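K.L.:
Please find one structure pasted underneath; my questions will follow.
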Amino acid sequence: MTITNKIPQYDDKHYAVVDLGSNSFHLLITRLKSKKITNVSKVKRKIRLAAGLNEQLELSTDAINRGLDCLSLFAKHLATIPPDNIRIVATATLRIAKNRNEFLSKANEILPSEIKLLSGEQEAETIYSGVAHTDKSNLTQKQLVIDIGGASTELIIGRDFSAKKAISLNIGCVSFKKVYFTNKQLTEENFASAIHAASQVIRSISTDFIKLGWQSAVGSSGTIQALAEILSYRQQKIIITADFLQEIKQALICCKTIDAITINNVAFKGLRADRAPVLASGLSILIALFNCLKIKELKLSTGALREGLLFEMLPHNN
């Protein structure tokens, strides 16, 4: 796989997925050959679309322009791929933005394929598909899948390739940062407020999820990937526990401000710098999930929404 500024030419053996997320916009290009899929290019831009929502749930002009500038770049990558081999989706922020059509109409003029605005349930089911197709080792067990996005969190219980229960909650790392860490202060009080707010939302569905039950829990979000990076640097098993979450929370409080979180802090060795701004808010949501759903441990999945869209599109899945 190559990540490059030079834009290569593609053909009808290539497939592309574009994910217009609340935190980042992603482009994934793959190649199908002899029924084997290979990643050939990834482009990611931190747009932080959710941060551009005001109290009236309207996107700012700056946020819209950041998004459109990114899509102009993506369009160059997509130019030589057949439209039938492209899937473009939008998620939580564009679901709730009252002026979303202002963005979507301009975006559709730039892109070679129409943007599909996913419902929360569709997003959750597609995330589960991506997890299930990426790691088939746990398909005989019921799995709890968690994905903490910028403006929403998806929770799914499934078995095999089928999601049994899939929901989307309006809690996300960008939206929570804006409300509960707006002053960039990392205090016990800020964490307590964020964890309490997330818990209030999660408790509305926790009884049903606990009753349905699961044998294993996996996560696929940037927050969980960030924590996995820290564990990997420590050469520890990539298994997230409640004790580890509390350790990271206390290390963040010791930093005092979000701007002081750096890879030079011993506790955060291995963390990618671009993950630091929303680590505290994402962590707060994950702590609330552990508490409300009585999760003992969580493993990392490398598959999620984009992989789910890809597998649904590939010929051998039609």
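K.L.:
Answer with yes or no whether Ala217 is outside any loop (DSSP other than H, G, I, E, B), modelled with pLDDT of 95 or more and under 22 Å from Leu49 (Cα atoms).
P.N.:
Values: outside any loop (DSSP other than H, G, I, E, B): yes; modelled with pLDDT of 95 or more: yes; under 22 Å from Leu49 (Cα atoms): no.
So Ala217 fails the test.
K.L.:
Look at Lys142 and say whether it is of a type in the set (Lys, Arg) and either touching a Phe, Trp or Tyr at 6+ places or on another chain (Cβ under 6 Å) or in contact (Cβ under 8 Å) with a residue 60 or more places away in the chain (or both).
P.N.:
Values: of a type in the set (Lys, Arg): yes; either touching a Phe, Trp or Tyr at 6+ places or on another chain (Cβ under 6 Å) or in contact (Cβ under 8 Å) with a residue 60 or more places away in the chain (or both): yes.
Considered against the rule, which asks whether it is of a type in the set (Lys, Arg) and either touching a Phe, Trp or Tyr at 6+ places or on another chain (Cβ under 6 Å) or in contact (Cβ under 8 Å) with a residue 60 or more places away in the chain (or both), Lys142 comes out as yes.
K.L.:
Something else about it: Within the group Leu283, Leu252, which residue is under 20 Å from Val218 (Cβ atoms), buried (at least 16 other Cβ atoms within 10 Å of the Cβ) and in the same structural domain as Leu144 (by TED's automatic domain parsing)? Talk me through it step by step, then tell me what you get.
P.N.:
Details: Leu252 fails: under 20 Å from Val218 (Cβ atoms).
Exactly one of Leu283, Leu252 is under 20 Å from Val218 (Cβ atoms), buried (at least 16 other Cβ atoms within 10 Å of the Cβ) and in the same structural domain as Leu144 (by TED's automatic domain parsing), namely Leu283.
K.L.:
Here's a follow-up. Which of the residues spanning the stretch 52-96 are assigned to a helix (DSSP H, G or I), under 15 Å from the mean Cα position of the chain (by Cα) and among the hydrophobic types (A, V, I, L, M, F, W, C)?
P.N.:
Ala92, Leu94
K.L.:
Would you mind finding the one in Lys136, Lys164 that is among the basic types (Lys, Arg) and more than 26 Å from Ala198 (Cβ to Cβ)? Working first, answer last.
P.N.:
Values: Lys164 fails: more than 26 Å from Ala198 (Cβ to Cβ).
Every option except Lys136 fails the conditions.
K.L.:
Sort out which residues of the stretch 165-184 are farther than 16 Å from Glu123 by Cβ and touching a strand residue (DSSP E or B) at 6+ places or on another chain (Cβ under 6 Å), and write them in order of number.
P.N.:
Within the stretch 165-184, the first condition is being farther than 16 Å from Glu123 by Cβ, and the residues that meet it are 176-184.
Result: Lys184, single match.
K.L.:
Please work out which residue is nearest to the chain's Cα centre (by Cα), limiting yourself to the stretch 175-187 and to residues that are touching a residue at least 40 places away in the same chain (Cβ under 8 Å) and under 16 Å from Ile261 (Cα atoms).
P.N.:
Let us first name the residues in the stretch 175-187 that are touching a residue at least 40 places away in the same chain (Cβ under 8 Å), namely 175-178, 180-181, 184-187.
From what's left, under 16 Å from Ile261 (Cα atoms): 177, 181, 184-187.
Working: Lys177: 15, Phe181: 20, Lys184: 22, Gln185: 24, Leu186: 23, Thr187: 25 Å.
Looking at residues that are touching a residue at least 40 places away in the same chain (Cβ under 8 Å) and under 16 Å from Ile261 (Cα atoms), I get Lys177.
K.L.:
Tell me the residue from Ala79, Ala63, Ala92 that is over 23 Å from Ser168 (Cβ atoms) and among the hydrophobic types (A, V, I, L, M, F, W, C), please.
P.N.:
Among Ala79, Ala63, Ala92, only Ala79 is over 23 Å from Ser168 (Cβ atoms) and among the hydrophobic types (A, V, I, L, M, F, W, C).
K.L.:
If you don't mind, another one. Within the stretch 116-124, can one find any residue that is basic (Lys, Arg), assigned to a helix (DSSP H, G or I) and free of Cβ contacts under 8 Å to residues at least 40 places away in the same chain?
P.N.:
In the first step, residues of the stretch 116-124 are kept if they are basic (Lys, Arg); the result is 116.
Of the ones still in play, those that are also assigned to a helix (DSSP H, G or I) are none.
Taking every residue of the stretch 116-124 in turn, none turns out to be basic (Lys, Arg), assigned to a helix (DSSP H, G or I) and free of Cβ contacts under 8 Å to residues at least 40 places away in the same chain.
K.L.:
Still on this structure, I have one more. With (1) out of contact with any Lys or Arg (no Cβ under 8 Å at 6 or more places or on another chain); (2) more than 18 Å from Ala198 (Cβ to Cβ); (3) in contact (Cβ under 8 Å) with a residue 12 or more places away in the chain as the list, and Leu245 as the residue in question, which single condition is left unmet?
P.N.:
Single failed check for Leu245: (2).
K.L.:
Can you name every residue in the stretch 14-37 that is part of a strand (DSSP E or B) and free of Cβ contacts under 8 Å to residues at least 24 places away in the same chain? Outline the logic, then answer.
P.N.:
First, the residues of the stretch 14-37 that are part of a strand (DSSP E or B): 14-20, 24-33, 36-37.
Those that are part of a strand (DSSP E or B) and free of Cβ contacts under 8 Å to residues at least 24 places away in the same chain: Arg31, Lys33, Lys36.
K.L.:
Give the residues of the stretch 52-83 that are touching a residue at least 60 places away in the same chain (Cβ under 8 Å) and crowded, with 22+ Cβ neighbours inside 10 Å, sorted by residue number.
P.N.:
Answer for the stretch 52-83, where residues must be touching a residue at least 60 places away in the same chain (Cβ under 8 Å) and crowded, with 22+ Cβ neighbours inside 10 Å: Leu53, Leu78.
K.L.:
Can you tell which of Ser105, Ser113 is assigned to a loop (DSSP other than H, G, I, E, B), small (Gly, Ala, Ser) and over 30 Å from Ala217 (Cβ atoms)?
P.N.:
On the way: Ser105 fails: assigned to a loop (DSSP other than H, G, I, E, B).
Residue meeting the stated conditions: Ser113.
K.L.:
Could you look through the stretch 102-140, keep only residues that are among the acidic types (Asp, Glu) and over 20 Å from Asp84 (Cα atoms), and pick out the one that is modelled with the lowest pLDDT? Steps first, answer last, please.
P.N.:
Step one: list which residues in the stretch 102-140 are among the acidic types (Asp, Glu), which gives 102, 109, 114, 121, 123, 125, 135.
Still in the list and also over 20 Å from Asp84 (Cα atoms): 102, 121, 123, 125, 135.
On the way: Glu102: 97, Glu121: 97, Glu123: 98, Glu125: 97, Asp135: 85.
Result: Asp135.
K.L.:
Here are some residues: Ile210, Ile240. Which one is touching a residue at least 24 places away in the same chain (Cβ under 8 Å) and in contact with a helix residue (DSSP H, G or I) (Cβ under 6 Å, 6 or more places away or on another chain)? Can you show your working first?
P.N.:
Details: Ile210 fails: in contact with a helix residue (DSSP H, G or I) (Cβ under 6 Å, 6 or more places away or on another chain).
Selected residue: Ile240, the only one of Ile210, Ile240 that is touching a residue at least 24 places away in the same chain (Cβ under 8 Å) and in contact with a helix residue (DSSP H, G or I) (Cβ under 6 Å, 6 or more places away or on another chain).
The values are calculated or read from the model by the stated rules, or taken from the named source; none is laboratory data. Quantities reported herein were computed from a predicted structural model and do not represent experimental measurements. Please note: Cβ atoms are built from the backbone with ideal geometry, for glycine as well, and neighbour counts cover all protein chains shown.
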